[in-house]
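Each remark here refers to the structure printed beneath this line.
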Amino acid sequence: MTLSKKLLTSLAICAGLSLNAATNELVLQTNKPGAPIQPTMYGLFFEDINYAADGGLYAELVKNRSFDFPQSLMGWTTFGGVELKNDGPFERNPHYVRLTAAGHRDKHTGIENEGFFGIGVKKGEEYRFSVWARNAGGSPAKIRVELVSPASMGETQTIASKEIEIKGDKWTKYTAVMTPSVTDAKSVLRVFLAKPDNAVVDLEHVSLFPVDTWKGHENGMRKDLAQKLADLKPGIFRFPGGCIVEGTDLPTRYQWKNTVGPVENRPVNENRWHYTFPHRFFPDYYQSYGLGFYEYFLLSEEIGSEPLPILSVGLACQFQNPDAEAHVPVDSLQPYIQDALDLIEFANGSTDTKWGALRAEMGHPAPFNLKYIGIGNEQWGPEYPEHLAPFLDAIRKAYPDIKIVGSSGPDSEGKQFDYLWPEMKRLKADLVDEHFYRPESWFLAQGARYDNYDRKGPKVFAGEYACHGRGKKWNHFNAALLEAAFMTGLERNADIVHMATYAPLFAHVEGWQWRPDMIWYDNLSSIPTCSYFVQQLFSENKGSNVLPLTMDKKPLTGAEGQNGLFASAVYDKEANQYVVKVANTSDTPQQLGLTFAGLKKKETITDGTSITLASKDLDLDNIERDGSMNLNIAPVEAKITVDGTKYDTTIAPRSFVVYRFNKK
């Protein structure tokens, strides 16, 4: 479908509707500004699931670049004289390969890397190859680096090539920039030992990046994916997870200190998700840690969000480890607590501190101004508050201004949820992280979820949520619509809800374990989903303060008699606009009559805009069930006119609309 046809279809949904139904009379109290909307209100949750880091946001194109996966040559094909050795120059990544003559003038020695579901390259764009190498044979030696299109029907498979002379017997970093002659989502990287036959060359940390990364960083992010994050205008950026914080066992938990310093010496870690689901099994899914805590902090700064790192509380994944022996005893937590204190020093410490000096050495002398830290993911039971308490004491003593996020466990209600919330209040956690992956009926029933929360306790961080349709656990428009309906309740309760992040964030079409997800991609392109657009519409229109918006003197929460309507309203001080968000979850068009109450005598509303997200096909999204990516659904903006203090309109069935009204 062409974009123009999509726009016409969406406008027809909005405009060609019956006006026979009774009007839903809404009243916006313009003179009663309520709670401020926190800058952190809408943000991002990043976890390395679905190949979100290596093979996704992290722009490295070579899999197992240091030959240090448990199966050292996983991702590689070797030919000729190739020997694996383990006394390399990097202590925590000791493996490398030695290339020697193939034994015949017409035979060849070399290595080939398959990348992540292939190596995606684009015609005319530049790619930077780098390798640490040494000449171990004494004779002059060269390597030939090629990007190869294995399925090519042309006279040659080679689509880019460079020769590099390896000059000395000291480990040295060599680089070359290549420009492919064709676009190929499934190319491979080949490195040949060039003649003469008596050459001996050692190779370590074989790497390939697009030159055009996000902000041009050499150890950078994939530009299209990072840009989609920036376009959400996030206020908070949570990383690195998620369950990978816990690990399947404690040795494989995410350890931030292994992710900083030179990338060549960051050890490989097992990914908690690579074998979690046997029906979506990826035995080659490891973490290179090239995307580490320095890169997370830097990306957070560059997209304008507050960083929120999450650290282990000393409990391995409780879903996978029911026995207490799998966890750290409370009296042995000091190394974990020190990790948290050292992380704050890494983020905020002066350059004359140990960890602040490392941050400066990595390229950022100024502090990252960390304000929040989370301890534990979705732990439960009495063992969680027992483990959390000493972290709180130590962090508050050393860094009293840091806000600490605790957890209410993996459930949105029930025994563990009811136990942990009072415990978080007792411990005086600053925020409590709630998680809910729930079906349609749950989201429809949650419009008033936070209306009666205790305003004197910790604030809420809705840290992981998504609508999982019953029998439809994939991205589809109706799920996104119900997420929008739910988010009006978050916004109305901005005095208690200070953060909210959808999850998961990323998914590779060939490498996913979990869905739905917010952004999908393949090796060359990416696409936002309907859930992405919902998050973007809330974030871009969050305003400054909540305003009361009622129908029959009650907030619109989808309650009985409210015709499936959910709504919230804010005042945007900077733009001098009133912003009203309405989700119609019913199957019928709804007439709306919006009265602007409380305006001063000379104030009036004259015009504005509406932004509509709608689809006649409730099961459709921009990532289709066969993995194809098409922009089927996108927000449509239109001008609206208001005469005085009343606005009348009709909202289409199963649609979400943001109205922005100019005050004069």
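The values are calculated or read from the model by the stated rules, or taken from the named source; none is laboratory data. Since the structure is predicted, the reported quantities are computational estimates derived from the model, not experimental observations. No Cβ is skipped: glycine too gets one built from the backbone with ideal geometry, and neighbour counts run over all protein chains shown. Keep in mind that these areas ignore ligands, DNA and RNA; they rest on the heavy atoms of the full protein, side chains included. Shrake-Rupley method; radii C 1.70, N 1.55, O 1.52, S 1.80 Å.
Quick look at the numbers
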quantity: Residues with amide H under 5 Å from that of LEU592, placed H, sequence gap 5 or more; calculated: ASN24, THR649, THR650, ILE651
quantity: Estimated D of the range 298-406 in µm² per second, where Rh is the Kirkwood radius over Cα pairs and Stokes-Einstein applies at 37 °C, 0.692 mPa s; calculated: 220 µm²/s
quantity: Shape of the range 272-317, Cα gyration tensor, a/c cut at 1.5; calculated: prolate
quantity: Within the chain, helix-based [θ] at 222 nm, where runs of 4 or more DSSP H residues each add -39,500 (n - 2.57), nearest 500; calculated: -5500 deg cm²/dmol
quantity: Two-decimal Rg to Rh for the range 490-618 - Kirkwood Rh, Cα set; calculated: 1.02
quantity: Spherically averaged projected area of the range 219-341 from its Cα convex hull (nm²); calculated: 9.1 nm²
quantity: 5 Å-binned pair-distance histogram of the range 116-169 (Cα, whole percent); calculated: 4, 15, 22, 20, 14, 12, 9, 4, 0
quantity: Crossing angle, helix 477-492 versus the chain [Cα axis fit, 0-90 degrees, rounded to tens]; calculated: 70 degrees
quantity: Rounded to whole Hz, the Karplus (6.51, -1.76, 1.60) HN-Hα couplings of the range 368-378, x for glycine and proline; calculated: 8, 6, 5, 10, 10, 8, x, 10, x, 9, 10
quantity: Helix 415-427 vs. the chain, principal-axis angle (Cα, 0 to 90°, nearest 10); calculated: 90 degrees
quantity: Order by protection proxy (mean Cβ within 10 Å, highest first), peptides 525-532, 108-115; calculated: 525-532, 108-115
quantity: Degrees separating the helix 383-398 axis from the principal Cα axis of the chain, which is the longest one; calculated: 90 degrees
quantity: Kirkwood-Stokes translational diffusion coefficient of the range 560-655, alpha-carbon pairs, 4 °C, 1.567 mPa s, µm²/s; calculated: 83 µm²/s
quantity: Kirkwood hydrodynamic radius of the range 172-218, Cα pairs, Å; calculated: 13.8 Å
quantity: Amide proton proximity set for GLY137, modelled H, under 5 Å, gap of 5+; calculated: VAL200
quantity: Residue-wise HN-Hα coupling along the range 340-354, computed from phi with Karplus coefficients 6.51, -1.76, 1.60 (Hz; x: Gly, Pro); calculated: 5, 5, 5, 5, 4, 5, 4, 6, 10, x, 5, 6, 9, 9, 4
quantity: Simple Cβ-charge dipole of the range 191-284, Lys/Arg +1 and Asp/Glu -1, about Cα centre, in debye nearest 20; calculated: 520 debye
quantity: Whole-Hz couplings from phi, Karplus 6.51/-1.76/1.60, listed for the range 61-70; x for Gly and Pro; calculated: 9, 9, 8, 6, 5, 10, 6, 10, 4, x
quantity: Cα-based Kirkwood hydrodynamic radius, the range 341-471, one decimal, Å; calculated: 16.5 Å
quantity: For a label point 7 Å along the Cα-to-beta-carbon line of ARG105, residues of the range 114-145 with backbone N under 12 Å; calculated: none
quantity: Chain lengthening between LEU84 and VAL330 when straightened (0.36 nm per residue, less Cα-Cα); calculated: 84.3 nm
quantity: Calculated FRET efficiency for the pair GLN157/VAL177, C-beta based, R₀ 22 Å, to 0.05; calculated: 0.65
quantity: Against the rule of thumb 2.2 N^0.38 Å, how large the Cα Rg of the chain comes out; calculated: 1.05
quantity: Backbone N within the range 564-606 under 12 Å of label point (7 Å from ASP648 Cα along the Cβ vector); calculated: 591-594
quantity: Inter-label distance for GLU574 and GLU540, nm, one decimal - labels placed 7 Å from Cα along Cα-to-Cβ; calculated: 1.4 nm
quantity: Viscosity 1.002 mPa s, temperature 20 °C, Stokes-Einstein D of the range 43-172 from Kirkwood C-alpha radius, µm²/s; calculated: 127 µm²/s
quantity: For SER407, residues with placed amide H under 5 Å, excluding near neighbours; calculated: ASP433
quantity: Magnitude of the charge dipole, the range 337-434, Cβ model with Lys/Arg +1 and Asp/Glu -1, debye to 20; calculated: 380 debye
quantity: Whole-percent carbon and sulfur share, accessible surface of the chain, 1.4 Å; calculated: 51 percent
quantity: Separation in nanometres of the label points that stand 7 Å from Cα toward Cβ, at GLU125 and ASP231; calculated: 1.5 nm
quantity: Average Cα contact separation per residue, the chain, under 8 Å, 6 or more apart, as relative contact order %; calculated: 17 percent
quantity: Net dipole in debye of the chain [+1 Lys, Arg Cβ; -1 Asp, Glu Cβ; about Cα centre; nearest 20]; calculated: 1620 debye
quantity: Peptides 441-447, 77-83 ordered by average Cβ neighbours within 10 Å, highest first; calculated: 441-447, 77-83
quantity: Positive-end extreme of charge dipole, the chain - chosen from ASN219, LEU229, TRP171 (charges on Cβ); calculated: LEU229
quantity: Label-point gap, in nm, between ASN369 and LYS257 - each point 7 angstrom along Cα→Cβ; calculated: 2.9 nm
quantity: Length released on extending from THR595 to ASN198, taking residue separation times 0.36 nm less the Cα-Cα span; calculated: 134.3 nm
quantity: Rg [Å, one decimal], Dmax [Å, integer] - the range 438-559, C-alpha atoms; calculated: 15.6, 52
